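Only the coordinates and a few stated rules stand behind these numbers; no lab work does. It should be emphasised that the depicted structure is a prediction, and the values quoted were computed from it without experimental measurement. With ideal geometry, Cβ positions are generated from the backbone for all residues, glycine too; neighbour counts draw on all protein chains shown.
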Amino acid sequence: MARKTPDDLRSARWFAPDDLRSMGHRSRAMQMGWSGEDWDGKPVIAIINTWSDLSPCHHHLRDRAEWVKRGILQAGGTPVEMPVHSFSEQFLKPTSMLYRNMGALEVEETLRAHPIDGAVLMGGCDKSTPALVMGALSAGLPFVFLPAGAMLRGNYAGEKLGSGTDVWKYWDERRAGTIGKEEWDGVQGGIARSYGTCMTMGTASTMMSIAEGFGLTLPGASAIPAPDASHKRMAAACGRRAVEMVWEDLTPDKIVTWAATRNAVTVAMATGCSTNAIIHLIAMARRAGIPLTLDHLDSIGRTTPVLANIRPSGKEYLMEDFFYAGGLPALMKELGDRLDLTARTVSGKTLGEDISGAVNYNSDVIRSLSNPVYHEGSLAVLKGNLAPDGAVIKPAAMDPKFQTHRGPAIVADSYAEMKAIINDESYPMTPDHVLVLRNAGPLGGPGMPEWGMIPMPKALLKHGIRDMVRLSDARMSGTSYGACILHVAPEAYIGGPLALIETGDMIELDVPNRILNVAVSEADLAERRARWTAPAPRYERGYGQMFIQHVEQADKGCDFDFLRTDFGAPVPEPEI
Ligand code: FES
Ligand code: MG
C-alpha cells in the first residue's frame, strides 16, 4: 500500500494552504504555543480521553494520556488530547447505556470536525469501549484502541473479591442475615482497591478483549492491569503506532472485516463473555457495515468452548491472573484455527503474526480446547412466541437444572413493583416460579438498565435457594450470574409479547433447543393485545427524546437508526 506523504495528511488541509482561513488556524495553534515544528508535515493524533473525576475506572487516563503523547512525539506526530463523555458505569443514572450512542456520536463528530489524522482511543468501563469504537469506525480515520485495563484483585479479610460478582453474592448473604454490617463494610472498602475497570470477566473486560479480537488493539493490550507499569509502555506504543498507521493509511475498514468480526465473536464466547457483549458486538459490526445478527452469534456460541477460567463464568480467577497467564494472545493461541489468523490488525501485521510468540503460562487460568471451562459458548440466543426477535441467556453462569424449565410467571410492570415482591418474605412462591420484569428495555427502561439479574426473593432466600429463572427485556451486568433470560425483543414497552403475559401463565424455557415460549394460545394473546394500551413516552424533550425516537431494539444492537452505516448518504468531509 502506498505510504501517505505530508501533503496527503488530512490536517494539512487546515494548516498548509497559504490562505486567510489557514492563517487563522496557524495563528490560533501558535496561541497554544505551537510552531511550524508541530504542524508542518506531522500527523495530528487525537488522544480521545474518557477521564473524569467521576469515572473511577478511567481515573488513571489523565496520566496515561501523557504516555500516549510521549509515543506520538517519539514517532514524529503531534498529540492533541480531546476529552469526551466519561461513561462512568457506577454513577450514571438511569443507566450508562442511555449514553453509549451519545458518546459514539460525540467521538465521531470530534474526529471529523477537527484537524486530525489518526487517533488513540482510551477507555474500558463497559459502554466506553463500544462507544469509542462505534464512533471511530464511523469517522473512518486510522485509530488504535488503548484499553483502560482492569483494577487489582479485590481483597477483604484474606478473601479474593471479584467486582460485581462478590457484591451480589455478599448482598444475598446480608439479606439472608448470614453476614453483618461489619463484614459488609469490609467488602465495600476492599472490593475496588485501585483505578481500572472491574476485574471480573464482566462487560468491561469482555469488551476490551473483543476490541483486541477485532484487531483494534496492539497485541496483549486488553489484559494489562491498569496499575501495571507495562500499561504505560503500552500507552506509548499506541501513540507511536497511531502515527505509523496514518502514514500507512491503515483505516478501520481494512481491519474490521467479516473475518475480524468472527474472530471478535469467537474471542467473546471463549472468554465467557458478558451478555452485554451481544448488543455491543452487533452495534459495532453494523457500524463497519457488517450485518451481524443474533443467529451468527448463537451459531459461533454453540461451537466455541469457554477457555478463560475467570469469574463469573469461571470459578476462581480474576483478570490479574489472566494477565499473568499470558492474557488474550495466549487464549487466542489456544483457539488456533478457530480464528482467522490472516486477519490484519492495527499492528499492521496479521493476527497470526501478532500472537505467534504467545505463551500460556497457566493452563488452569487459560484452558485448552481439550479441557475447557464449558464445552459450549457462554451465551445462547432463545426464540419463541415470547421473544420472536430473540432473547439471551448465559448458560455458563446458571444452575444447569434450569436449562429446561417450566414454571408459572410472577409478573411486575416496573422495578419498584418487582422490588416489593422480592422483599416480601411471605410472598407465595416456589423455586419453580419465573420472575418476569417488563418495561425495562431500550425504550421502557429507558436505556435498557441492568435490572435483569433480579435479586433473589426473600421468600426463597430463607430456604437457602440461590437461583431461579428470571425473565426481562432488561440487560444485566456482565459480572452477574443466574438463570436470567434477558434482552427479550421486541420489548414490552412497544407492545412485544412480553407486554401480554399475566401472573400464572406458564413460561417454557428450553436452552438446548433455544426455545422461550409462554403457554398461552395465539387467540388469547391476540385478545390481550387488543386490550393493551401503549404507555406514555418517557421523555418529551432533551437527549432522552432523541433517544426514544431513534433507538433500535436489542437484537439490532440498540444503535440509533440514523447512525447506522446503511442509513442515507455517507457524511461528507467538512469543507474547508
Ligand atoms: Fe467501570 Fe465496572 S464500573 S468497569
Ligand atoms: Mg458492568
Q: Answer with yes or no whether E66 is under 37 Å from the mean Cα position of the chain (by Cα) and either within 16 Å of ligand 2 (Cβ to nearest atom) or among the acidic types (D, E) (or both).
A: yes
Q.
Considering only residues that are within 26 Å of the chain's Cα centre (by Cα), buried (at least 20 other Cβ atoms within 10 Å of the Cβ) and either more than 17 Å from A397 (Cβ to Cβ) or within 16 Å of ligand 2 (Cβ to nearest atom) (or both), which ones fall in region 495-518?
A. G496, L498, L516
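Look at region 86-106 and say how many of its residues are in a loop (DSSP other than H, G, I, E, B) and more than 14 Å from ligand 1 (Cβ to nearest atom).
Start the filter on region 86-106 by keeping residues that are in a loop (DSSP other than H, G, I, E, B), which leaves 86-96.
Those left that are additionally more than 14 Å from ligand 1 (Cβ to nearest atom): 94.
Count: 1.
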Q) So R438 fits all but one of (1) more than 27 Å from the chain's Cα centre (by Cα); (2) buried (at least 16 other Cβ atoms within 10 Å of the Cβ); what number is the exception? A) (1)
Q: Under 8 Å between Cβ atoms, at least 6 apart or on separate chains: pull out the pairs that start in region 168-182 with a residue that is in contact (Cβ under 8 Å) with a residue 12 or more places away in the chain and end on any residue that is surrounded by fewer than 17 Cβ atoms within 10 Å (Cβ to Cβ) and aliphatic (A, V, I, L, M).
A: Y170/I179
Q. Looking at region 76-88, which of the residues that are within 16 Å of ligand 2 (Cβ to nearest atom) and out of contact with any Lys or Arg (no Cβ under 7 Å at 6 or more places or on another chain) is farthest from V44 (Cα to Cα)?
A. S88
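Among the residues of region 186-214, count how many are crowded, with 24+ Cβ neighbours inside 10 Å, away from ligand 2 (no atom under 14 Å from the Cβ) and over 9 Å from the mean Cα position of the chain (by Cα).
5
Hey, among W67, W39, W51, which residue is in contact with a helix residue (DSSP H, G or I) (Cβ under 7 Å, 6 or more places away or on another chain), under 17 Å from W247 (Cβ atoms) and buried (at least 18 other Cβ atoms within 10 Å of the Cβ)?
On the way: W67 fails: under 17 Å from W247 (Cβ atoms); W51 fails: under 17 Å from W247 (Cβ atoms).
That would be W39, the only listed residue that is in contact with a helix residue (DSSP H, G or I) (Cβ under 7 Å, 6 or more places away or on another chain), under 17 Å from W247 (Cβ atoms) and buried (at least 18 other Cβ atoms within 10 Å of the Cβ).
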Q. For T342, which of the numbered conditions (1) without any contact (Cβ under 8 Å) to a residue 60 or more places away in the chain; (2) over 22 Å from the mean Cα position of the chain (by Cα) fails to hold?
A. (1)
Q) Among the residues of region 247-296 satisfying the criterion of being among the small types (G, A, S) and surrounded by fewer than 24 Cβ atoms within 10 Å (Cβ to Cβ), which is nearest to E316 (Cα to Cα)? A) A259
Q: Name the residue, out of I465, I421, I454, that is more than 16 Å from ligand 1 (Cβ to nearest atom), closer than 25 Å to R100 by Cα and either surrounded by fewer than 17 Cβ atoms within 10 Å (Cβ to Cβ) or of a type in the set (A, V, I, L, M) (or both).
A: I454
Q: Return a yes/no flag: does region 58-75 have any residue that is in a loop (DSSP other than H, G, I, E, B) and without any contact (Cβ under 8 Å) to a residue 40 or more places away in the chain.
A: no
Q: Mind telling me which of the residues G189, G196 ends up being within 20 Å of E89 (Cβ to Cβ), away from ligand 1 (no atom under 16 Å from the Cβ) and not hydroxyl-bearing (S, T, Y)?
A: G189
Q) Would region 519-532 turn up any residue that is surrounded by 12 or more Cβ atoms within 10 Å (Cβ to Cβ), part of a loop (DSSP other than H, G, I, E, B) and within 30 Å of the chain's Cα centre (by Cα)? A) no
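Conditions tested, residue by residue: (1) within 16 Å of ligand 1 (Cβ to nearest atom); (2) surrounded by 23 or more Cβ atoms within 10 Å (Cβ to Cβ).
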site	(1), (2)
K458	no, no
M476	yes, yes
C484	no, yes
P490	no, no
Y493	no, yes
